[in-house]
Amino acid sequence: MRVADFHFDLPESLIARHPLAERRASRLLVLDGETGELQHRRFTDLLDYLRPGDLMVFNDTRVIPARLFGQKASGGRLEILVERVLDDDRVLAHVRASKSPKPGSKILIEGGGEALMLARHDALFELRFDQSVLPLLERVGHMPLPPYIDRPDEAADRERYQTVYADRAGAVAAPTAGLHFDEALLAAIREKGVDTAFVTLHVGAGTFQPVRVERIEDHHMHREWLEVGPDVVDAVAACRACGGRVIAVGTTSVRSLESAARDGVLKPFSGDTDIFIYPGRPFHVVDALVTNFHLPESTLLMLVSAFAGYPETMAAYAAAVEQGYRFFSYGDAMFITRNPAPRGPEETP
């Protein structure tokens with residue numbers, strides 16, 4: 001299976017660089033996984049596709065202001081993007097500089113604070129700060145907007161590049177399907193008899209990394225930390241018992257549930273995952289999916305194609321481009337029901 005199979009042409013004008021005035025104001029492209037039928041709706045119309053007894057699973061990770069600016073003690077400017085908080089004062093981070101800092105070198109943080117470069121682990125740098133990391137980031141950090149939002153972060157991004165139910169700090173990218181939900185819509189979902197549950201997956205910057213191999217099977221996924229608690233396992237069992245559907249809000253919720261059910265049975269799980277879902281990989285838990293539109297040739301587009309079928313997914317994306325949908329983190333959304341017999345690109349004429 002070739003990475004190039006997942007290419008599509010996207011006009012620059014369709015990349016959403018700012019959020020809409022209201023979270024719920026997005027459009028919704030509905031893809032029926034059984035028939036391939038498409039419907040063009042508003043995001044609030046999602047309620048029409050939910051049934052009493054369904055279970056919606058959200059990712060409650062909280063995005064940290066993970067981008068820092070500063071300089072080496074020797075004077076060279078640099079940028080730090082925290083990838084993972086290790087403990088109270090240590091992180092793994094990407095560092096952009098004309099010359100990479102060496103172990104033992106000091107970094108002065110813009111806005112106050114210092115960091116010591118301890119060691120390099122492949123592409124990541126282990127840094128120790130002179131104070132607690134999370135309060136420092138909240139004070140002087142910038143929201144880590146994705147590379148395709150080519151503008152500096154603004155004050156509004158602190159709220160809008162965050163779900164309203166964000167709880168557990170640790171992500172450096174938002175679980176963007178959740179950005180469309182406000183408190184009123186969540187209340188309406190519950191009033192309809194739809195249950196909710198929360199997993200945690202701290203989204204890493206690796207989610208934006210391009211796939212640098214030709215064959216999908218040769219790609220190694222980045223690792224991210226997740227937790228699926230016993231309460232989620234119980235909620236899925238109760239949903240199944242009453243004939244409901246498990247609806248994942250976002251690909252990160254899919255990866256969480258399917259990681260915790262890798263042997264076919266959903267169990268509580270806490271730890272790292274490097275699960276890579278592409279056409280041909282089975283789904284053990286998820287029946288329907290709310291997701292944004294993803295980058296060409298990305299692992300997220302491959303996951304959607306595994307869920308909805310490759311020809312159906314690519315046809316939906318072509319229709320979205322034609323109809324002027326907004327793409328990526330601040331863009332519009334899809335609601336997809338699982339294709340019972342999904343085909344991959346090698347099975348598509």
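Summary of computed values
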{"read-out": "Ranked by how many other beta carbons lie within 10 Å on average, peptides 185-196, 76-87 from highest", "value": "76-87, 185-196"}
{"read-out": "Segment 36-129 - charge dipole about Cα centre, Lys and Arg +1 at Cβ, Asp and Glu -1, debye rounded to 20", "value": "580"}
{"read-out": "Dipole magnitude (debye, nearest 20) for the chain, charges at Cβ of Lys, Arg, Asp, Glu", "value": "680"}
{"read-out": "For the chain: accessible area per residue (Å², 1.4 Å)", "value": "42"}
{"read-out": "Surface accessible to a 1.4 Å probe, residue 100 within the full protein complex, Å²", "value": "50"}
{"read-out": "Two-site FRET efficiency, residue 139 against residue 341, from Cβ-Cβ distance with R₀ of 41 Å, rounded to 0.05", "value": "0.20"}
{"read-out": "222 nm mean residue ellipticity, helices alone, for the chain (DSSP H n ≥ 4; -39,500 (n - 2.57); rounded to 500)", "value": "-5500 deg cm²/dmol"}
{"read-out": "Principal axis dimensions, the chain - Cα atoms, whole angstrom, descending", "value": "62, 42, 42"}
{"read-out": "Residue-span extension gain [residue 217 to residue 231] - 0.36 nm each, minus C-alpha spacing", "value": "1.6 nm"}
{"read-out": "Size of segment 184-224 as Cα extents on the principal axes (Å, biggest first)", "value": "47, 19, 15"}
{"read-out": "Debye equation applied to the C-alpha atoms of segment 1-136, log10 I(q)/I(0) at 0.17, 0.20, 0.21 Å⁻¹", "value": "-0.95, -1.11, -1.19"}
{"read-out": "Cα centre as origin, Lys/Arg/Asp/Glu Cβ charges: segment 128-261 dipole, Debye", "value": "160"}
{"read-out": "Computed lengthening from residue 192 to residue 168, 0.36 nm per intervening residue step minus Cα-Cα distance", "value": "5.9 nm"}
{"read-out": "Whole-percent carbon and sulfur share, accessible surface of the chain, 1.4 Å", "value": "50"}
{"read-out": "Selected from 28, 47, 18, residue furthest toward positive end of dipole (segment 1-55; charges at beta carbon)", "value": "18"}
{"read-out": "Computed FRET value (nearest 0.05) for residue 321 with residue 37, which takes r as the C-beta separation and R₀ as 22 Å", "value": "0.75"}
{"read-out": "Among 119, 144, 193 the positive-end extreme of the charge dipole of segment 64-201 (Cβ point charges)", "value": "119"}
{"read-out": "For segment 121-280, convex hull volume per residue from C-alpha positions, Å³", "value": "163"}
{"read-out": "Calculated SAXS-style log₁₀ I(q)/I(0) at q = 0.12, 0.21 Å⁻¹ - segment 244-349, Debye, Cα scatterers", "value": "-0.39, -1.16"}
{"read-out": "Listed peptides 335-343, 33-41 by packing density, highest first (mean Cβ within 10 Å)", "value": "335-343, 33-41"}
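The values are calculated or read from the model by the stated rules, or taken from the named source; none is laboratory data. All values reported here derive from a predicted model rather than from experimental measurement. Cβ sites come from the backbone with ideal geometry, for glycine too, and all protein chains shown count toward neighbours. All accessible areas refer to the heavy atoms of the entire protein, side chains included, with ligands and DNA or RNA removed. Shrake-Rupley method; radii C 1.70, N 1.55, O 1.52, S 1.80 Å.
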